[in-house]
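The values are calculated or read from the model by the stated rules, or taken from the named source; none is laboratory data. None of the values given here were measured: they were computed from a predicted structure. When we count neighbours, we look across all protein chains shown, and the Cβ atoms used for this are built from the backbone with ideal geometry, even at glycine. Protein only, heavy atoms only, side chains kept; ligands, DNA and RNA dropped before computing areas. Shrake-Rupley method; radii C 1.70, N 1.55, O 1.52, S 1.80 Å.
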Amino acid sequence: MESISFSDSPVFTGIVEDGSTDLRGRPVSRLLTGGWSASLLIIGVELAERLAYNGISANLIVYLTNVMQQNTATAAKNVNVWYGVSSMLTILGAFLADSYFGRYWTILFSSLIYLLGLICLTLSASLSFLSLPPCGYTSYSCPRPAAFQVVFFFISLYLIALGQGGQRPCLQAFGADQFDKRDPTERKRKSSFFNWWYFGLCSGLLVLLPVILYIEENVGWGLGFGLPAAAMAIALSLFFLGTKMFRHKIPSTSPVTQILQVFVAAICKWNVSVHSQGEENKYVIQGFKDETRRLLPTNQFRFLDKATIATDFDLEHKANVDWRLCTATQVEEVKLVLRLIPIWVSCLIYGVICAQTPTFFTKQGSTMDRRIIRDLKIPPANLQSLFTLTILVLVPVYDRVFVPLAKSITGNERGITLLQRIGFGMFISVISMVVAAVTEMKRLQVANEYGLVDMPQAIIPLSILWLLPQYILLGISDLFTYLGLQEYFYDQMPDTMRSLGIALHLSIFGVGSFLSSILISIIEELSSRLMGQKWFADNLNRAHLDYFYWFLAALSTLFLCIYLSFARSFIYKKEESNVWKDEEIS
């Protein structure tokens, strides 16, 4: 009988080979750390974070209009600005993680700030001197809040934004870090990680988020805000207890510094001729501590290659060599970042479309018949769970059916390329805006037929289920574009900038929210002056959200064409395995 050697099993291969360490910088065991066991703890923290964030954002426009007594346009802009700030702060969190603190400590500290914000928000809706009496969906007789109540509420809200900014870009990158890219088995698991990460979040949100939203509107905002705070405290405790299971990427030098060094070195040698590709250059020893692969040279942005050329001055003044001479890998990393920018810009309109879900989609639903079975009514924000349900159903189909089938045709290990996945999702988002516009036209037609145009408090006899198609289409779009962008910005960024890559992905939705707010302000002013009727009037029966949706559909089509032109010329990252250091200057 043939003997079995356990030493050949991937589980018993000893030390993780991708440069991962424990918190003290020591090599870690493949058997005792990382993998799905560690990732599940990280997903638990992310689930608590998403439950808290969505529990607030999904109903925020309702809270601002009905409790804080803001008009529809102002409330929508405040939601968009808060969402935008939350997303843009991820860049700061990613920078601090990649440059100084590492992902683990950034997650831990930012989670504490997050928890503080949730506690303050709960107090703002619970304590009598900080909160206001609850009001119905269409009530216009609520008392207006005092200045200090408004200030405390928004301080709480932006503490949450600050905590989320540090936590969110690091959690996903930290979860992906638990898989060794140099091990074939773990590399395949990492490829599926992003899909199943989202699947896990959707499973939890589908069950828990409707409960939170129901409690907020039917029991009390204080309890509705307090439950996510409790969930965050529990998840954070479990995360801390699992510290020994995690694999860490200890930051070496600031990625921003490395980028600046390349530009400074290239500018200093503006009059030096660039060697042709394939000609041997001399490089200074400047490899990164966790560098396990060297990027292969590309012909794009050739002027940056000047930074790799050693001159006589460099050989004589080695003390200042960091800012005059860079490794080929360092230069190629900067090229990677530059190549991502056009894709980032062309996807911003997708962020604008996503910003409509917690704002105008929810306000539409609040005017419609929300009865599902007899007298059972659902909060309009609960329709956002359709995103979750759509992802929950389609992720296993995509990962287990579509990818293997497409792989057999294309030969690509992902089935289709990341950019193809993103582009298809953007196309679906255009269709979702067309459907949203048609649905809004139907809602306005019914309001007119029943003489409800000037009765903003009346419920229009049109089922809220008419909104299902636009939510489902955006859910399908999310499966392709949102998840595609996640993996794209993680995979195509340099290894030392992975948190920043996730932050760039999230910033698309932050900038998209800002752009949505700007568009609302401009259109509100122009529609009032030119048409004498605002597209975003407080009385939605007199507003024209349908015009806005048609405008977004047209704008999305334009940006999709721009995206396709950039995607055709994009060069994916190419790596050479098993390179640990660069050639030394002789």
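Values for this structure:
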item	result
Top-ranked residue of region 565-580 - restricted to ones that are surrounded by 14 or more Cβ atoms within 10 Å (Cβ to Cβ) and closer than 15 Å to residue 330 by Cβ, ranked as modelled with the highest pLDDT	573
Of residues in region 73-91 being open to solvent by 10 Å² or more (accessible area, probe 1.4 Å) and among the polar types (S, T, N, Q), the one nearest to the chain's Cα centre (by Cα)	78
Region 522-558: number of residues that are open to solvent by 10 Å² or more (accessible area, probe 1.4 Å), part of a helix (DSSP H, G or I) and over 18 Å from residue 354 (Cα atoms)	8
Options 411, 415: the member that is open to solvent by 40 Å² or more (accessible area, probe 1.4 Å), small (Gly, Ala, Ser) and free of Cβ contacts under 8 Å to residues at least 40 places away in the same chain	411
Cross-chain or 6+ apart pairs with Cβ under 9 Å, region 353-373 first and open to solvent by 10 Å² or more (accessible area, probe 1.4 Å), then among the hydroxyl-bearing types (Ser, Thr, Tyr) and assigned to a strand (DSSP E or B)	369/463; 370/463; 371/463; 372/463
Selection from region 185-198 of residues that are modelled with pLDDT under 75 and either over 21 Å from residue 19 (Cα atoms) or in contact with a Pro (Cβ under 8 Å, 6 or more places away or on another chain) (or both)	185, 186, 192, 194, 195, 196, 198
Residue match in region 26-36 (condition: within 14 Å of residue 200 (Cβ to Cβ) and open to solvent by 40 Å² or more (accessible area, probe 1.4 Å))	yes
Top-ranked residue of region 197-230 - restricted to ones that are open to solvent by less than 30 Å² (accessible area, probe 1.4 Å) and of a type in the set (Gly, Ala, Ser), ranked as farthest from residue 124 (Cα to Cα)	200
Candidate set: region 1-21, residues that are open to solvent by less than 30 Å² (accessible area, probe 1.4 Å) and either under 25 Å from the mean Cα position of the chain (by Cα) or of a type in the set (D, E, K, R) (or both); chosen: the one modelled with the lowest pLDDT	18
Residue that is of a type outside the set (Ser, Thr, Tyr), in contact with a strand residue (DSSP E or B) (Cβ under 9 Å, 6 or more places away or on another chain) and modelled with pLDDT of 80 or more, where the choices are 152, 179, 148, 174	174
Subset of region 66-96 [part of a helix (DSSP H, G or I), of a type in the set (S, T, N, Q) and touching a residue at least 24 places away in the same chain (Cβ under 8 Å)]	66, 72, 80, 86, 87, 90
All positions within region 234-273 that are surrounded by fewer than 16 Cβ atoms within 10 Å (Cβ to Cβ) and under 25 Å from residue 205 (Cβ atoms)	234, 237, 238, 240, 241
Spans of helices (runs of 4 or more DSSP H) in region 183-276 with at least 1 residues farther than 27 Å from residue 32 by Cα and of a type in the set (S, T, N, Q)	184-218, 255-268
Failed item in (1) closer than 24 Å to residue 61 by Cβ; (2) touching a Phe, Trp or Tyr at 6+ places or on another chain (Cβ under 7 Å); (3) among the acidic types (Asp, Glu), with residue 186 passing the rest	(1)
Selection within region 330-348 - more than 14 Å from residue 255 (Cα to Cα) and open to solvent by less than 10 Å² (accessible area, probe 1.4 Å)	340, 343, 346, 347
Index of the failed condition, residue 99 passing every other in (1) touching a residue at least 24 places away in the same chain (Cβ under 8 Å); (2) under 30 Å from residue 519 (Cα atoms); (3) of a type in the set (S, T, N, Q)	(2)
Failed item, numbered, when residue 414 is tested on (1) outside any helix (DSSP H, G or I); (2) over 30 Å from residue 87 (Cα atoms)	(2)
Filter result (at pLDDT below 85 and out of contact with any Phe, Trp or Tyr (no Cβ under 8 Å at 6 or more places or on another chain)) within region 526-538	528, 529, 530, 531, 532, 533, 534, 537, 538
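Conditions tested, residue by residue: (1) in contact (Cβ under 8 Å) with a residue 24 or more places away in the chain; (2) open to solvent by 20 Å² or more (accessible area, probe 1.4 Å); (3) outside any helix (DSSP H, G or I).
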residue: 433; (1), (2), (3): yes, no, no
residue: 440; (1), (2), (3): yes, no, no
residue: 443; (1), (2), (3): yes, no, no
residue: 453; (1), (2), (3): yes, yes, yes
residue: 462; (1), (2), (3): yes, no, yes
residue: 469; (1), (2), (3): yes, yes, no
residue: 475; (1), (2), (3): yes, no, no
